[in-house]
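The structure appears right after this line, and notes come after that.
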Ligand code: FES
């Protein structure tokens with residue numbers, strides 16, 4: 001008789017989910033047999049969306065050696081490639097309400113607009129088509145992402161939604177175009193306004209955390225601005241009373257985009273203060289000269305508060321911001337971050353640019 005192991009998942013809000021996993025079966029698949037749809041994307045051990053922390057039991061993982069090395073010093077596991085050898089307990093970095101009871105819905109959307117913000121940054125606007133129940137809008141939380149397929153292929157990529165939830169069924173995405181990328185090639189050379197695209201979502205746990213009125217600082221690098229824009233736009237719509245600082249960083253002035261969007265947002269939402277940071281700025285640059293980590297440090301030197309920090313950017317950016325935060329005694333659980341460009345986050349998204357879909361930006 002085939003062995004079965006009992007899996008116990010403990011969510012961030014301390015709910016316990018239990019199901020059985022067959023020998024040789026991965027945990028994401030076993031959860032789905034029990035109609036529990038865990039956060040996952042690539043299902044091949046490369047994106048990191050399904051990360052958890054094993055706290056009890058024996059298991060083996062079948063993952064890329066580089067990724068294995070990056071998490072080897074911890075008990076972190078990628079559940080889509082984790083095979084139990086005993087009963088197992090795993091702590092998830094998200095709440096129970098993010099474990100769906102049915103698969104994410106598939107939707108169709110018409111390409112409404114395709115706008116180059118810089119030579120390698122594309123803004124897409126999509127108009128959702130009503131689903132079979134007559135719903136036009138898509139339920140999502142600001143900061144989440146959708147996956148989009150290249151038509152007539154199995155190739156899909158994930159992008160964060162840059163606008164706030166709305167009833168009009170319009171989704172705004174920011175795409176960093178990489179040369180030779182399949183999606184980049186499709187979207188720049190073939191996709192036409194009016195084309196119908198298939199998408200799935202929304203998903204992801206890089207979302208606003210309810211922590212009272214503690215100030216919220218948002219730090220974004222490049223197209224990592226998408227998820228941050230969605231969060232701040234939502235806060236602006238609700239005129240939330242928090243103090244909000246937004247730091248948006250790029251390397252060169254010609255890479256800056258969304259200047260007018262940020263100015264409009266700040267005009268509508270007096271609590272919002274923002275700075276556009278250019279690392280290699282020319283003397284005439286009117287914004288901050290330096291990195292977002294430098295700007296963050298300067299901000300912290302002038303504030304008595306310890307804000308929650310939402311970071312969306314490269315590993316290096318997250319690390320530098322975390323280092324600055326540590327010098328101001330900001331605890332790690334006040335850093336909420338999503339990785340943009342290569343690997344993981346405490347909200348669990350890796351990106352392997354050439355192999356999988358990445359939330360919020362990279363078109364490979
Ligand atoms: S879903 Fe498990 S690593 Fe991508």
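Throughout, read-outs are computed from the coordinates displayed, never taken from laboratory work. Note that the structure is a prediction, hence the values are computed from the model and not measured. Reconstructed Cβ throughout: ideal geometry from the backbone, glycine too, with neighbour counts over all protein chains shown.
Compute the relative contact order of region 216-339 as a whole-number percentage, counting only Cα pairs closer than 8 Å that sit 6 or more residues apart in sequence.
Relative contact order for region 216-339 comes out at 28 percent.
Comparing 44, 291, 331 in a Gaussian network model of the chain where C-alpha atoms under 10 Å apart are linked, the largest mean-square fluctuation is found at 331.
How much FRET efficiency would the formula 1/(1 + (r/R0)^6) give for residue 306 and residue 259, where r is the Cβ-Cβ distance and R0 is 35 Å, rounded to 0.05?
Efficiency for this residue pair is about 0.75.
Look at the alpha carbon pairs under 8 Å that are at least 6 residues apart: their mean separation over the length of region 4-98 gives a relative contact order of 40 percent. For the pair region 190-269 and region 270-287, the centres of their Cα atoms are 16 angstrom apart.
What shape does region 243-331 take by its C-alpha gyration tensor, where a ≥ b ≥ c are the square roots of the eigenvalues and a/c under 1.5 counts as rounded, a/b above b/c as prolate, and the rest as oblate? Judged from the Cα gyration tensor, region 243-331 comes out oblate (a/c at least 1.5, b/c at or above a/b).
Between helix 259-268 and the chain there is an angle of about 90 degrees, using the helix long axis and the longest principal axis of the Cα atoms.
For region 1-160, the relative contact order comes to 21 percent (Cα pairs under 8 Å, sequence separation of at least 6).
Normalised by residue count, region 4-98 yields a Cα convex hull volume of 83 Å³ per residue. Would you mind checking the tilt of helix 225-237 against the longest principal axis of the Cα atoms of the chain, expressed as 0 to 90 degrees and rounded to 10? Its long axis makes an angle of about 70 degrees. Taking 7 Å steps out from each Cα toward its Cβ at residue 273 and residue 102 produces label points 4.7 nm apart. Annotation: the antiparallel percentage among DSSP beta bridges lying fully within the chain is about 60.
Fewest-first ordering of 203, 179, 137, 227 by other beta carbons within 10 Å of each residue's beta carbon gives 179, 137, 203, 227. Per-residue ellipticity at 222 nm, computed for the chain from helices alone with -39500 (n - 2.57) per DSSP H run of at least four residues, works out to -5000 deg cm²/dmol. Once the chain from residue 182 to residue 213 is taken as fully extended at 0.36 nm per residue, the excess over their C-alpha distance is 6.8 nm.
Restricting the calculation to Cα atoms, the chain shows an Rg/Rh of 0.97 when the hydrodynamic-style radius is the Kirkwood one. In the elastic network of the chain, a GNM with C-alpha springs shorter than 10 Å, the most mobile of 283, 142, 65 is 283. In the chain, the longest principal axis of the Cα atoms and the axis of helix 315-327 are about 80 degrees apart.
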